[in-house]
Structures are given as structure tokens and as C-alpha cells.
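Below is one structure, written out as C-alpha cells; comments come after it.
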Amino acid sequence: MVKSKRLYEQQRLPDKRGYFGKYGGQFVNEILMPVLIELDENFDRYYPTSEFQEEFHRLQRDYGGRPTPLYYAKNFSKFIGSKVYLKREDLLCGGSHKLNNALGQALLAKKMGKSRLITETSAGQHGFATAMAGRVLGLEVEIFMGIKDIARQASNVKRMKLLGAKITPVKTGAGVLKDAVSDTLREWTSCSRTTHYLMGSTVGPHPFPKIVAAFQSVIGKELKNQILEKEGRLPDAIIACGSGGSNAIGAFSSFIDDNRVRLYFIEGGGGSLDADNSAAAFQLGKPGILHGALMQVLQDEYGQIKSSKTRAAGLNYPGRGPQICYLYDTGRMKVGYAFDEEVFEAVKVMCQTEGLIPALETAHAIAYMLNHKEEFYGDEVIVLNYSGRGDKDLEVITRRFYGD
Ligand SMILES: *Cc1c(COP(=O)(O)O)cnc(C)c1O
């Protein structure tokens with residue numbers, strides 16, 4: 001009993017050194033250590049205060065559009081054979097869950113007296129959310145982006161520029177996310193007095209995974225109240241897609257202690273597990289250091305970080321956040337994956353049954369349900385964390401269905 005209580009505490013919070021089991025930690029340049037300590041202390045100081053909570057709540061509600069609805073997807077449920085609810089993070093301003101975290105960290109940065117935010121982005125979704133949060137809170141924003149990603153994500157680059165963010169192209173290495181991450185960490189060592197590094201998911205050195213999880217936990221808190229109101233009981237399972245794990249951890253947050261609620265995490269399988277573009281880091285990766293933390297990471301035969309290229313840009317982060325790794329290792333959470341072709345089929349089903357175009361990331365979770373109907377029983381209540389809308393993916397989706 002005592003032992004399992006301790007396990008749950010570890011699953012929710014890292015230990016003092018920032019570890020969830022063996023994952024996490026602070027593998028950074030020593031110049032950054034005092035900066036991370038300062039961040040941790042300030043988070044613990046401001047976050048619990050009613051002043052911070054009120055401001056954060058007001059921004060989430062009146063600017064972001066929270067609470068997001070919990071929608072009983074009756075038509076889709078018939079396809080699955082159990083009762084499926086969608087937690088509608090696609091309705092948050094910006095079109096995904098990412099704004100929850102961006103607003104929280106921007107507010108924290110402001111409380112800490114910082115005037116500038118830096119971050120890195122690959123798909124551009126997190127860069128866009130950071131640009132929004134920076135504007136609304138009056139902070140300068142600079143975004144590091146690999147040159148290849150800038151070319152691939154032109155529409156998000158336009159959005160960020162329109163919001164006044166400075167885009168800094170990263171030419172080093174392969175010109176992709178992992179190179180942008182190194183540049184952003186390097187930049188931070190030289191400007192941390194004025195600048196906050198706004199981490200985009202439950203990844204990075206401690207205390208970032210803890211902070212991002214706290215800001216995303218709003219999803220799980222709302223979800224718990226909503227399902228109790230609609231069904232009078234907890235769900236049997238919660239299913240979320242992910243890479244770093246922020247939308248999944250957010251949705252799971254209020255249920256981690258309750259073993260009756262099954263948790264599913266779905267990653268990007270790519271063309272197949274043998275394909276070069278697979279992002280299934282739990283199937284193919286190994287423990288390694290990325291972004292200042294020990295995580296399950298996709299690596300090549302020489303131990304170099306391997307980038308993936310699934311069709312869902314947001315699932316191409318090569319690592320799994322420390323908490324998600326720990327939930328998997330301890331058996332609390334089940335991991336699955338979906339392949340590109342199955343994901344397009346899932347988009348089609350969601351469009352046809354509910355008239356909703358899901359983000360390709362979200363469609364991985366949908367695809368998993370469609371392909372594993374036998375895991376979800378007739379009398380069960382399942383919540384799918386509907387992390388984002390598919391407008392950003394429209395071109396890729398229509399090209400797949402109709403050609404150019
Ligand atoms: C970024 C993104 C994800 C993946 O990020 P996590 O931090 O793993 O949640 C999933 N869905 C959508 C719509 C995204 O934009």
C-alpha cells in the first residue's frame with residue numbers, strides 16, 4: 001500500500017534531482033544549472049499563488065477559450081462499439097493544446113521579470129503558440145528553426161511573422177529540429193538574465209517536464225469533472241497521441257493514481273516500423289540524452305539522434321519525455337502506434353462520421369482505436385484526447401485523397 005503510494009508520487013512528480021525513475025535529469029552546460037534552479041524556485045513560488053492561478057485562468061478562459069468541451073461522438077462510437085468522448089483541444093485558440101503551456105510559461109516568465117522568450121520549433125505549431133503568448137503578455141519572441149523546416153512549414157512561418165516573432169534560421173548540422181534545439185540551448189546560456197526558454201512539450205532538463213505537465217494538467221482536471229457530470233463515473237480508458245507527451249500527460253494527469261482508468265499513448269509508426277520515417281521511439285529507440293534529459297530516443301547505429309519524418313509533423317520529435325517513459329516502464333500506460341496509411345483512413349472516418357477534420361497527430365489515436373476495437377468493450381466509456389484540428393494538414397490530406 002505504502003509502496004504503491006510512493007510509485008504514484010513518482011509517476012506524477014520527479015524526485016528532487018528531476019528524475020522519473022531513471023529518466024530525466026539535467027544534462028546541460030554548467031552555466032545553465034543556476035538558471036534551471038532559479039526557474040524551479042520561481043515556478044514553486046508563483047504557480048501555487050491565487051494571483052497566478054487567477055491570471056492564468058482568466059487568460060485560458062477569455063483568450064484561449066477554455067474550458068474545451070467533452071463531446072460524445074455518437075456516430076464515431078458506432079464504428080468502435082463502445083461509448084467514445086472527444087476532449088476537444090482542437091477548439092482551443094490556435095487549433096491545438098499547445099497554447100495551455102505557452103500561456104503558462106509566458107506568464108511565469110513575466111512574473112520572473114524576463115522580457116523575452118526564445119524557443120525552437122519544427123512543425124511550427126509550438127512556435128505559433130509561443131508567438132501568441134508573447135504578444136498577449138508583451139514579451140519579445142525569437143524562434144529558432146532549422147532551414148529545412150522553414151521551407152517545409154511556410155504557412156506557420158507566416159503566422160509567426162505576422163505576430164511579430166523573429167525567426168532565426170538554423171543552418172548548422174542537418175538544419176532540422178535537433179540542431180535548432182542545440183542552438184536555442186546555446187543562446188540561452190548567453191541571455192538567461194532577460195530571457196526565458198519556453199519549452200514546447202514535457203521534455204528538456206528538469207524542471208521543464210514538471211512545469212509543462214502542470215500547465216497542461218488543466219485538460220485532465222476539466223475532463224474529470226465533465227465525465228463525472230455526463231456519465232457519473234470515471235472513464236475506462238483515455239487515449240492520446242504524442243511524441244514529447246504533453247497532451248497525453250495533460251489528459252492523464254487526474255487519473256494516474258487510479259488503476260481502473262487504462263492509459264494509452266500512441267506514437268507515429270511512419271510507413272512501417274522498418275521504414276526510415278518511423279517515429280515509434282518506444283519500439284525502435286534506446287535510452288539516450290536529448291534536449292538535456294535522459295529519455296527514450298530514436299538513434300542510428302552510431303548512437304546519433306535520428307530524425308523521423310512521419311506525415312504528422314508534430315509527432316516527429318525523436319524523444320519521449322521522462323514522465324511518459326516512466327509511465328511506460330512501470331506498466332501504468334500502454335503504448336501503441338499507427339502507420340501513415342491507417343492515419344489517413346482515420347481522418348476519413350472522422351470526417352465522415354462526425355464532420356470533424358482531425359490533425360494528423362490526433363488521427364494516430366483515432367487510427368489505433370479503429371484498428372484495436374477488440375480492446376474497447378461495448379459497455380465502456382472511452383475518452384480520446386482530440387489534440388488538434390486538421391486545417392494545418394489540409395494540403396497533405398487532400399493530396400493523399402485526390403492527388404494534386
Ligand atoms: C504538437 C502536437 C502533438 C504532439 O505533442 P505532445 O507534446 O506529444 O502532445 C500532438 N497533437 C497536436 C495536434 C500537436 O500540435
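The values are calculated or read from the model by the stated rules, or taken from the named source; none is laboratory data. This structure is a prediction, so every number in the text was calculated from the model and none was measured. Quick reminder, even Gly has a Cβ in these numbers, built from the backbone with ideal geometry, and neighbours come from all protein chains shown.
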**Prompt:** Between a first residue in the range 308-319 that is free of Cβ contacts under 8 Å to residues at least 24 places away in the same chain and a second residue that is surrounded by fewer than 23 Cβ atoms within 10 Å (Cβ to Cβ) and aromatic (Phe, Trp, Tyr), which pairs have beta carbons less than 8 Å apart while being 6 or more apart in sequence or on different chains?
**Reply:** none
**Asked** Considering the range 263-283 alone, what residues qualify as being of a type in the set (S, T, N, Q) and either outside any loop (DSSP other than H, G, I, E, B) or out of contact with any Ser or Thr (no Cβ under 8 Å at 6 or more places or on another chain) (or both)?
**Response** Gln283
**Prompt:** List pairs: first in the range 66-84 and among the small types (Gly, Ala, Ser) and buried (at least 17 other Cβ atoms within 10 Å of the Cβ), second outside any loop (DSSP other than H, G, I, E, B) and modelled with pLDDT under 95, Cβ under 7 Å, 6+ apart or cross-chain?
**Reply:** none
**Message:** List the residue pairs whose Cβ atoms are under 8 Å apart, where the first residue sits in the range 137-154 and is among the basic types (Lys, Arg), the second is buried (at least 17 other Cβ atoms within 10 Å of the Cβ), and the two are 6 or more positions apart or on different chains.
**Reply:** Lys148/Gly175; Lys148/Val176; Arg152/Ala313
**Prompt:** Does the range 331-340 contain at least one residue that is free of Cβ contacts under 8 Å to residues at least 12 places away in the same chain and out of contact with any Asp or Glu (no Cβ under 9 Å at 6 or more places or on another chain)?
**Reply:** yes
**Fill in**
Sole miss for Ile227 among (1) crowded, with 23+ Cβ neighbours inside 10 Å; (2) in contact with a Pro (Cβ under 8 Å, 6 or more places away or on another chain) is condition (1)
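Residues checked against (1) of a type in the set (Gly, Ala, Ser); (2) modelled with pLDDT under 95; (3) outside the structural domain of Arg159 (by TED's automatic domain parsing):
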{"position": "Lys111", "(1), (2), (3)": "no, no, no"}
{"position": "Ser115", "(1), (2), (3)": "yes, no, no"}
{"position": "Thr119", "(1), (2), (3)": "no, no, no"}
{"position": "Thr130", "(1), (2), (3)": "no, no, no"}
{"position": "Ala133", "(1), (2), (3)": "yes, no, no"}
{"position": "Leu139", "(1), (2), (3)": "no, no, no"}
{"position": "Glu142", "(1), (2), (3)": "no, no, no"}
{"position": "Met145", "(1), (2), (3)": "no, yes, no"}
**Test result for Thr202, touching a Leu at 6+ places or on another chain (Cβ under 6 Å), within 16 Å of the ligand (Cβ to nearest atom) and either within 29 Å of Gln323 (Cα to Cα) or outside the structural domain of Tyr85 (by TED's automatic domain parsing) (or both)** = no
**Prompt:** Picking from Glu345, Glu354, which residue would you name as being outside the structural domain of Asp149 (by TED's automatic domain parsing), over 15 Å from Cys241 (Cα atoms), surrounded by fewer than 24 Cβ atoms within 10 Å (Cβ to Cβ) and without any contact (Cβ under 8 Å) to a residue 60 or more places away in the chain?
**Reply:** Glu345
**Asked** Which residues, taken from the range 311-323, are under 11 Å from the mean Cα position of the chain (by Cα) and either near the ligand (Cβ under 8 Å from one of its atoms) or surrounded by fewer than 24 Cβ atoms within 10 Å (Cβ to Cβ) (or both)?
**Response** Gly314, Leu315, Tyr317, Gly321
**Message:** Considering only the range 296-310, I want to know if a residue exists there that is crowded, with 21+ Cβ neighbours inside 10 Å, charged (D, E, K, R) and over 17 Å from the mean Cα position of the chain (by Cα).
**Reply:** no
**Prompt:** Looking only at the range 104-132, which residues are within 15 Å of the ligand (Cβ to nearest atom) and farther than 24 Å from Leu360 by Cα?
**Reply:** Gly104, Gln105
**Complete:** Of the residues in the range 205-253, those that are of a type in the set (Phe, Trp, Tyr) and either in the same structural domain as Gly269 (by TED's automatic domain parsing) or within 12 Å of the chain's Cα centre (by Cα) (or both) come to Phe215, Phe252
**Request:** Would you check if Pro207 is at pLDDT 95 or above, more than 15 Å from the ligand (Cβ to nearest atom) and in contact with a strand residue (DSSP E or B) (Cβ under 6 Å, 6 or more places away or on another chain)?
**Result:** no
